[in-house]
Structure formats: C-alpha cells, structure tokens
Amino acid sequence: MNSSSEHSRHIPREYEIKHSNWLRKMLHAYWVIVIVHFFIQIGCYLFLQYNRAPLDFIVNVLFWPTILAVFCILLTSYMDRKFPSCSFITMSITSTAIAWTIIHVNYDIRIMPAICLLPIFASVLFFDSKRVWFIFSLQMAGYGLLLIDPAYRAYLSSFDMVSIPAFLILATYVAQIIVTTGIEVLDDLQTSVNAKKDLIVRNAIIAKQSKTDGLTNLYNQSSFKDYYEKAFEYANRGMSLHLALIDIDDFKVINDTYGHRVGDIILEKVSLIIQESITASDIAARYGGEEFALLLFEQSFEQAYELVELIRQKISLMGHLELGGASITVSIGLKAYNLDSSKDTLFEEVDACLYAAKRTGKNKTVTSLVLA
C-alpha cells in the first residue's frame, strides 16, 4: 500500500458506520464547551478583574459568540440528519468556528490558541489523512481571519505570529502519524480477522468432508454410525425411529458392463432421489458401495413405508442415457424401532429384510421376514 488513504479503504464497513455516532458525540461535546464557556465568562466578569464595559461584555463576549456557536451546532445537526455525507465537512467548519471564536474572545490568554488543536485531534478518529489535513487548512484559515482584527494582531508578538502556524503544522504532523499507525493496526486486525474467518471456513469444509461421502454428498458410514447411536438414545426416550437399507440391484453388472464412471453417475442419481424424497429431520448416508442407509424420524411406520416405496418407484421409473435408456431398481429393507431392539439387532433385522428382498425378486421393499 502506497498511502494511508489506500489503507483507509480497508477499514471495516461496520467501523465506518460508527463515524456518524462519533459526529453526534462531538456535537454534544461542543454544546458542553459553549455552555461552559458562557458561564465561565460570566463568573470571570463577576468575580475577577475584567476590562470590559457591561454592554461590550454582554454583546461581544456573551451574545454574539454564543449565538454564532449555537447557530453552527444547529446547522451541523440539521446537515447530519438531511445530508449525512456532508456531516464531516459541516462538523469541521463548526468546530473551527467555535475554537477560533473562543480564541478571539480570550486572545489575551496565552494558552487559549491550544483549543484549535481539538478539531485536529478529533479528526484522528476517522483514520483519514485527507480529513486531518482538511482540518488543518481550516485552522489556518481561522487564524488568517483573526489576523484581520487589528486588536488581535497588535496583541501578538513576532514570535506568536510564527509559532502559532508552526504549532498547528507540528500538531497536524503528529495527528498524521497517529492516523497512519492506527490504519496499519486496523489493517493488521482486519487481516487477522479475515485469516480467522478463512480458517473457520476451511475447518467447516474439512469437518463436512470428514462426515460426508465425496461422490454422493450424503453422510458417510462413520457419520451414520454416530447419528445411529444418537438416534437410538432418542428412541429409547420415546421418539419414533425407522431404519431402512437401500441397495441398487445388479450394480456389479452395471460396473462390469458400462464401467465404473457410469456406476458413479448412477450412484449420484440415486442419492439425489433419496435427498429429494426424505424430510429435513431424516438422515441419509452412503453406507458402502451401492448401499444406502436411512434414519427416519417423527413419522408412523406407514408413513416411513410410503416414503421408501416412493424412493423405490422413482428410481425404477427413471431411464438413464448412460445405460442406453434402461432403468435400474433397488431393493429395500425397513424396520421400526421397538423397546426390545438394540442397535445391533435392529440393523441385523433390516439387513436381513434387505437380503430377503434381493432373494425374492428384487425391486421391492421388505419389512417382515415372515412375509418374505
């Protein structure tokens, strides 16, 4: 990056949104400054030696400076509501006007010109070099306008005439260093946040890859076993659970005749039909080779049977160009959980139903070994 302005383009969007809040807080701060200055002037006039006539004090020290400051603050508030894109400019002009008005009213106090540093260092909050130098130019313009006043000019020594601009330049340079450093810190933080996000995404992808089958995008056997274990815990507490095993008929013939690439395409198509048919609460996995396992929840046995039958029928009715327009079939075993079941016995019973479907003609769903 060649400049801090390039850095500023990398400031997070949510950080920039806070700018409007800061502008409002600065407006509140200037209200406080104006009110405090008003009452301090009254206190000084009443209790300290003050070389001003009463009318001169009321008009030139209290009335006009306060009216000018209040007008600037109200105008900035209006612009912030109606034209938020111009808020920084109007705030900058307001802060400059208030600062140099207070300096002009109290020019006999040597330390008072330091108040013009407030707008400069307030601009640091926005981490923008151009804004810092814009504020600096306004302070120089305010200083130039005050020099028009012969009384103010007569009060300044030759050293004052030179030191005030030099003081402003030095302060702006320091503010610029703060801005540049702050932008670099923000860039480092943003880089760190982005790296953390990338790491989270990569970990999520790796976690998904470790749980799913790369070909079918269904859960793999290892993930299915984890879900099966958890499903059994819920079933023991009263939740309905059905287990189905689906196997593609004569899949070895497909691989031997058309090749493994065609076999992979068939697996993808069958898995897609399964995904489209099950509900959001069901679990589908590629259990191994051409075999799929389903965990079906929150439905009756009749509903579970209708669902797996729907899957079987969809698959049998689909023609495949890869097979010359021929269709394929699947055999299915289905059983419901009951209190006498264990994880192993339920799986063995469903597997036996699947084998019975294969043995008795294929392209069918078997739910009972007695019927088979």
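Flag set for Phe88, criterion: among the aromatic types (Phe, Trp, Tyr), touching a Leu at 6+ places or on another chain (Cβ under 8 Å) and assigned by the TED database to the domain that holds Ala175.
Please go through region 104-129 and give me each residue that is under 34 Å from the mean Cα position of the chain (by Cα) and in a helix (DSSP H, G or I), ordered by number. Leu118, Pro119, Ile120, Phe121, Ala122, Ser123, Val124, Leu125, Phe126, Ser129 - these are the residues of region 104-129 that are under 34 Å from the mean Cα position of the chain (by Cα) and in a helix (DSSP H, G or I). When residues in region 266-280 are screened for being without any contact (Cβ under 8 Å) to a residue 60 or more places away in the chain and open to solvent by less than 50 Å² (accessible area, probe 1.4 Å), 6 of them pass.
On the given criteria, is Val330 modelled with pLDDT of 95 or more and touching a Lys or Arg at 6+ places or on another chain (Cβ under 6 Å)? Taking the combined requirement at face value, the residue satisfies it. The set of residues in region 114-148 that are at pLDDT 85 or above, polar (S, T, N, Q) and surrounded by 15 or more Cβ atoms within 10 Å (Cβ to Cβ) comprises Ser129, Gln139. Which ones in region 345-372 are open to solvent by 50 Å² or more (accessible area, probe 1.4 Å) and under 15 Å from Leu294 (Cα atoms)? Scanning region 345-372 gives Glu348, Glu349, Asp351. Taking region 152-192 as the range and being open to solvent by 50 Å² or more (accessible area, probe 1.4 Å) and either touching a His at 6+ places or on another chain (Cβ under 7 Å) or touching a residue at least 24 places away in the same chain (Cβ under 8 Å) (or both) as the test, the residues that pass are Tyr155, Phe167, Ile169, Ile178, Glu184. Within region 227-242, can you find the residues that are open to solvent by less than 70 Å² (accessible area, probe 1.4 Å) and within 38 Å of the chain's Cα centre (by Cα)? Once the filter is applied, which keeps residues that are open to solvent by less than 70 Å² (accessible area, probe 1.4 Å) and within 38 Å of the chain's Cα centre (by Cα), region 227-242 yields Tyr228, Ala231, Phe232, Met239. For region 290-300, the tally of residues that are more than 15 Å from Val366 (Cβ to Cβ) and open to solvent by less than 10 Å² (accessible area, probe 1.4 Å) stands at 4. For region 298-327, a residue qualifies if it is in contact with a Phe, Trp or Tyr (Cβ under 8 Å, 6 or more places away or on another chain) and either hydrophobic (A, V, I, L, M, F, W, C) or at pLDDT 95 or above (or both), and exactly one does: Leu323. Within the bounds of region 324-335, is there any residue that is assigned by the TED database to the domain that holds Asn236 and open to solvent by 70 Å² or more (accessible area, probe 1.4 Å)? Yes: region 324-335 contains one or more residues that are assigned by the TED database to the domain that holds Asn236 and open to solvent by 70 Å² or more (accessible area, probe 1.4 Å). Close Cβ contacts (under 6 Å, 6 or more residues apart or on different chains) running from residues in region 105-129 that are more than 30 Å from Tyr45 (Cβ to Cβ) and assigned by the TED database to the domain that holds Leu146 to residues that are surrounded by 19 or more Cβ atoms within 10 Å (Cβ to Cβ) and among the polar types (S, T, N, Q) comprise Ile120/Thr172; Phe127/Ser8; Asp128/Ser8; Ser129/Ser4. Of everything in region 340-372 that is in contact with a Cys (Cβ under 8 Å, 6 or more places away or on another chain) and not hydroxyl-bearing (Ser, Thr, Tyr), the residue that is modelled with the lowest pLDDT is Ala372.
Scanning region 130-150 for residues that are assigned to a helix (DSSP H, G or I) and without any contact (Cβ under 8 Å) to a residue 24 or more places away in the chain yields a total of 3. Only one entry in Leu215, Leu245 is touching a residue at least 60 places away in the same chain (Cβ under 8 Å), part of a loop (DSSP other than H, G, I, E, B), open to solvent by less than 90 Å² (accessible area, probe 1.4 Å) and among the aliphatic types (A, V, I, L, M), namely Leu215. For region 301-308, the criterion of being open to solvent by 30 Å² or more (accessible area, probe 1.4 Å) and in contact with a helix residue (DSSP H, G or I) (Cβ under 9 Å, 6 or more places away or on another chain) is met by none of the residues.
The values are calculated or read from the model by the stated rules, or taken from the named source; none is laboratory data. Since this is a predicted model, take the numbers as computed values, not measurements. Neighbour counts are summed over all protein chains in view; Cβ atoms, including those assigned to glycine, are modelled from backbone coordinates with ideal geometry. Surface areas here come from the heavy atoms of the whole protein model, side chains and all, with no ligands, DNA or RNA. Shrake-Rupley method; radii C 1.70, N 1.55, O 1.52, S 1.80 Å.
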